[in-house]
Amino acid sequence: MTRRRRTSAKATIHHWERHICGDLRDLPGVRQEVDDLLHGIPDLHDATIAEILLAVTEALTNVMRHAAHDVATDGIHLTLDRTPHQLRVVLSYHGMPFDRASIPEPDLDTPRERGYGLYIIEHLMDEVAYRTTASGLEVILVKMLPEGGEK
Amino acid sequence: MNLEQESAGDNTLIHINEDYLDASNAAAFKNALQGELSGKKRIVLDLQHVNFIDSSGLGALISILKRVTGDGGELKLYGMTREVRALFELVRMHRIFEVYNSRDEALSSFRRAA
């Protein structure tokens, strides 16, 4: 395995954005695009990439399933921003406001077919926020990028 | 949905030839797999071609597990990628499912139990 030093390219802010429709069938294609993007980040661990892909998939699925008809018509705006220390993913959409406190934690000793999405997101990402803004709703996912990590 | 069924004595192996199980295909996967498993009691699912599973795919597997065990059968898994294994461990489903590293280990676990 080639071991590389963290490069200076990581110090540059990178921005990517895409508007996607609110159809679950689009998930694999969006995930592949994000996967390609993340693999372009120097020295990002494969395990970290997998965690981000899973969290983004869960967040998109939640919005598509639960944010009601506005997402189906308006879609979701997905942005990724990378700074030297973090990767920030934002899902912007119109729809039903989301009350995180109303969603219980899953009982991991009792398997159920649903209810793991938020748990997964919040355990894989370093910061998760659900915001209502003047222009709509946002889900914000942040992954800190460790210093000195090697692939 | 690309599922391939193989008989190994009294056991049934299902090779899941899909790259991912997520919300886009979890319902189709569950329906297709339930059709494959009709009347089967000793089942092994081969996950080695599945590179990505999310909570929807996991939910489909949990549904299948409940159905199989509810009918008095057994369900075992093998061939998990590192990423899929990480998901199972995160939500502790590695304690609920019987997970093996190889096909032979999964099949021989039936023999040990018999």
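The values are calculated or read from the model by the stated rules, or taken from the named source; none is laboratory data. All values reported here derive from a predicted model rather than from experimental measurement. Here Cβ is always computed from backbone atoms with ideal geometry, including for glycine, and neighbour counts include all displayed protein chains.
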Inset, instruction - Kindly indicate whether any position in region A:89-97 is in contact with a helix residue (DSSP H, G or I) (Cβ under 7 Å, 6 or more places away or on another chain) and aromatic (F, W, Y). - result: yes
Inset, instruction - Could you give me the residue pairs with C-beta distances under 7 Å whose first residue belongs to region A:51-62 and is without any contact (Cβ under 8 Å) to a residue 24 or more places away in the chain and at the interface with another protein chain (Cβ under 10 Å from one of its Cβ atoms), whose second residue is surrounded by fewer than 24 Cβ atoms within 10 Å (Cβ to Cβ) and part of a helix (DSSP H, G or I) wherever it lies, and which are 6+ apart or on separate chains? - result: A:L53/A:R31; A:L53/A:V34; A:L53/A:D35
Legend entry - Filter pass, A:D26 being among the acidic types (D, E) and either over 19 Å from A:M125 (Cα atoms) or at pLDDT 95 or above (or both): yes
Inset, instruction - All but one of (1) within 28 Å of A:L24 (Cα to Cα); (2) part of a helix (DSSP H, G or I) hold for B:I14, so report the exception by its number. - result: (2)
Legend entry - Complete set of residues in region B:62-80 that are within 11 Å of chain A (Cβ to nearest Cβ) and either free of Cβ contacts under 8 Å to residues at least 24 places away in the same chain or within 22 Å of A:E122 (Cα to Cα) (or both): B:I62, B:K66, B:T69
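Can you find a residue that is farther than 20 Å from B:R103 by Cα, within 12 Å of chain A (Cβ to nearest Cβ) and surrounded by fewer than 20 Cβ atoms within 10 Å (Cβ to Cβ) anywhere in region B:30-39?
Step one: of region B:30-39, the residues farther than 20 Å from B:R103 by Cα are B:30-32, B:34-35, B:38-39.
If we keep only those that are within 12 Å of chain A (Cβ to nearest Cβ) as well, we get B:30.
Okay, now just the ones that are also surrounded by fewer than 20 Cβ atoms within 10 Å (Cβ to Cβ), so none.
Looking for residues that are farther than 20 Å from B:R103 by Cα, within 12 Å of chain A (Cβ to nearest Cβ) and surrounded by fewer than 20 Cβ atoms within 10 Å (Cβ to Cβ), one finds none in region B:30-39, hence no.
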Inset, instruction - Evaluate the following for A:R25: is it out of contact with any Phe, Trp or Tyr (no Cβ under 6 Å at 6 or more places or on another chain), over 16 Å from A:Q86 (Cα atoms), surrounded by fewer than 18 Cβ atoms within 10 Å (Cβ to Cβ) and away from chain B (no Cβ under 14 Å)? - result: no
Inset, instruction - Give region A:97-120 a look and list any residue that's more than 19 Å from the chain's Cα centre (by Cα) and more than 14 Å from chain B (Cβ to nearest Cβ), or say none. - result: A:A101, A:S102, A:P104
Inset, instruction - Answer with yes or no whether B:S56 is crowded, with 20+ Cβ neighbours inside 10 Å, without any contact (Cβ under 8 Å) to a residue 60 or more places away in the chain and part of a helix (DSSP H, G or I). - result: yes
Legend entry - Subset of region A:28-50 [within 9 Å of another protein chain (Cβ to nearest Cβ), out of contact with any helix residue (DSSP H, G or I) (no Cβ under 6 Å at 6 or more places or on another chain) and touching a residue at least 24 places away in the same chain (Cβ under 8 Å)]: A:D46
Inset, instruction - Look through region A:28-41, keep the residues that are among the β-branched types (V, I, T) and more than 16 Å from A:P84 (Cα to Cα), and return whichever of them is surrounded by the most Cβ atoms within 10 Å (Cβ to Cβ). - result: A:V34
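For (1) in contact with an Asp or Glu (Cβ under 8 Å, 6 or more places away or on another chain); (2) in contact (Cβ under 8 Å) with a residue 24 or more places away in the chain, each residue gets a yes or a no:
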{"site": "B:S38", "(1), (2)": "no, no"}
{"site": "B:R42", "(1), (2)": "yes, yes"}
{"site": "B:N51", "(1), (2)": "yes, yes"}
{"site": "B:V84", "(1), (2)": "no, yes"}
{"site": "B:L90", "(1), (2)": "no, no"}
{"site": "B:M93", "(1), (2)": "no, yes"}
{"site": "B:F97", "(1), (2)": "no, yes"}
Legend entry - Among (1) buried (at least 18 other Cβ atoms within 10 Å of the Cβ); (2) more than 13 Å from every other protein chain (Cβ to nearest Cβ); (3) touching a Lys or Arg at 6+ places or on another chain (Cβ under 7 Å), the one test that B:L107 misses: (3)
Inset, instruction - Say whether the condition of being farther than 30 Å from A:D43 by Cβ, hydrophobic (A, V, I, L, M, F, W, C) and touching a helix residue (DSSP H, G or I) at 6+ places or on another chain (Cβ under 9 Å) is met by at least one residue in region A:109-131. - result: no
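Could we say that A:L44 is surrounded by 14 or more Cβ atoms within 10 Å (Cβ to Cβ) and modelled with pLDDT of 90 or more here?
Here the answer is no, as A:L44 does not meet what is asked.
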